[in-house]
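See structure below.
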Amino acid sequence: MGTGFNTVQAQSDDPFITVWKTDNEGESDDNEITIPGQGIDYPIQWVQVQRDRLQIWREVDGGHSGSETGSGTHTIEFPEAGFYMVSIGDGFRRINFSHESDRLKIVDVTQWGDIEWTTMNSAFPGAENLSITATDAPDLSQVTDMTRMFRNAESFNGDIGHWDTGNVETMNRMFKRADSFNQDIGGWYTAEITSMFEVFMGAESFNGDISNWDTRNVTHMNEMFKGAETFDQDFGFWNTGQVETMSGMFSEAVSFDQDIGNLDVRDVQDMENMLDGSGLSVDNYDNTLAGWAQQQVQPDVILGAEGLYYCHSAEERQHLVDEFDWTINDAGISVYCEKPGPVVLVDPGDEDPIEPDAVTFTWNVPQAGVEQYGFELAGDESFDALVIDSVTTDTTITLNDLESESIYYWRVRGENDTGRGGLSGADADGRL
């Protein structure tokens, strides 16, 4: 908060202070803001501000200021359009941008103050220009609901890890599509929370470590990380013993590649679309199925795992199908379940002449299951000094500008997710 704002005092010792840009798009006129609040006879003081070269809000010399009293939703009319810092004191209990409003006009929360908030449900959804530079924490002692608090707040990335969330019971959609948010909230107290559906849905930047969250009372985790494109954290030891729904939980979370076989899914009845389009590797999908097959899971569950392949968990997967009547919608068994076999070199062969402009090397693969090939070319039979060390998905490679009247040795190996196959045998090394 700028030093020029020291003259602005509300009746509260520590008011709730925000900054607004009045001519951003909104429901009110370009020189107005509408505070979507709840409360009775709360004091308001305001002053015209601007950012200094250090990006600190300062009172405009000779700028406008004023005071008034608000109840419920309140509109302030300023003398002209601009940035205004608004201080709200005792009597204010809730801010709620849940409907069409001036949500694009609020640009900063610089102080939470000592307001006793009653709820944070729908506090700032759609506040696309919102930053939170406040270093204090809101009084959440009466808050049980944080649903949609920052939903679609695209610019929001404030440090909120020090908040006391001890009484919060629901945080559904709290950071849904909060595209910029990626702060450390791993220390939040979450033992009272019962519902976490869509919390990080579409939060494309979030990759915080939340492995220490206490989820013992959570019953709903559906679509919790759906479309969270960056998220890839290990929380395989969460207590999920009460969870009933995990539908879409990691759908399209393309970076997520963890073993979640340790999650307790015995009470989960809905897993539709749970892993569709996620980033689980063959190994982690195998481990997940193997872990779940050891549990007394619910019958008739539909597990969505489109795009995922399994290898060594075929028996465990079939156990879930046969013993519990599960329907598993995945991509089936991978063709890459074993390391590739040896590659057969074809051309050029021993002492074939070099064409200086271009030489094409060709090989055959005696089996399926190869994703790419490692190609090596050397000037000595020991391959200590590689001239070329390349990777290709083709069974041929063309090299230019090889030296005439020189001897080269080449070899190839197949590679896939399971590992690297053996190099082509020494007797098959081509000498040019």
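The values are calculated or read from the model by the stated rules, or taken from the named source; none is laboratory data. It should be emphasised that the depicted structure is a prediction, and the values quoted were computed from it without experimental measurement. All Cβ positions, even for glycine, are placed from backbone atoms using ideal geometry, and neighbour counts span all protein chains on display.
Scan A178, A137, A153, A191 and give me the residue that is under 23 Å from I95 (Cα atoms), among the hydrophobic types (A, V, I, L, M, F, W, C) and surrounded by fewer than 19 Cβ atoms within 10 Å (Cβ to Cβ). I'd like the intermediate steps shown before the answer.
Details: A178 fails: surrounded by fewer than 19 Cβ atoms within 10 Å (Cβ to Cβ); A153 fails: surrounded by fewer than 19 Cβ atoms within 10 Å (Cβ to Cβ); A191 fails: under 23 Å from I95 (Cα atoms).
Of A178, A137, A153, A191, the one residue that is under 23 Å from I95 (Cα atoms), among the hydrophobic types (A, V, I, L, M, F, W, C) and surrounded by fewer than 19 Cβ atoms within 10 Å (Cβ to Cβ) is A137.
When you go through T219, T288 one by one, which is the residue that is in contact (Cβ under 8 Å) with a residue 12 or more places away in the chain and buried (at least 20 other Cβ atoms within 10 Å of the Cβ)?
The unique qualifying residue is T288.
What tally of residues in segment 343-380 results from selecting those that are modelled with pLDDT under 75, farther than 13 Å from G421 by Cβ and under 46 Å from the mean Cα position of the chain (by Cα)?
Total satisfying the criteria: 0.
Could you tell me how many of the residues in segment 108-126 are closer than 19 Å to F156 by Cα and either among the polar types (S, T, N, Q) or surrounded by fewer than 19 Cβ atoms within 10 Å (Cβ to Cβ) (or both)? Walk me through it before giving the result.
Within segment 108-126, the first condition is being closer than 19 Å to F156 by Cα, and the residues that meet it are 108-112, 120-126.
Okay, now just the ones that are also either among the polar types (S, T, N, Q) or surrounded by fewer than 19 Cβ atoms within 10 Å (Cβ to Cβ) (or both), so 110-111, 121-122.
Selection size over segment 108-126: 4.
Residues of segment 67-79 being of a type in the set (S, T, Y) and in a strand (DSSP E or B), which ones? Spell out how you get there, then give the answer.
Pass one, segment 67-79, residues of a type in the set (S, T, Y): 67, 69, 71, 73, 75.
Across segment 67-79, the qualifying residues are S67, T69, T75.
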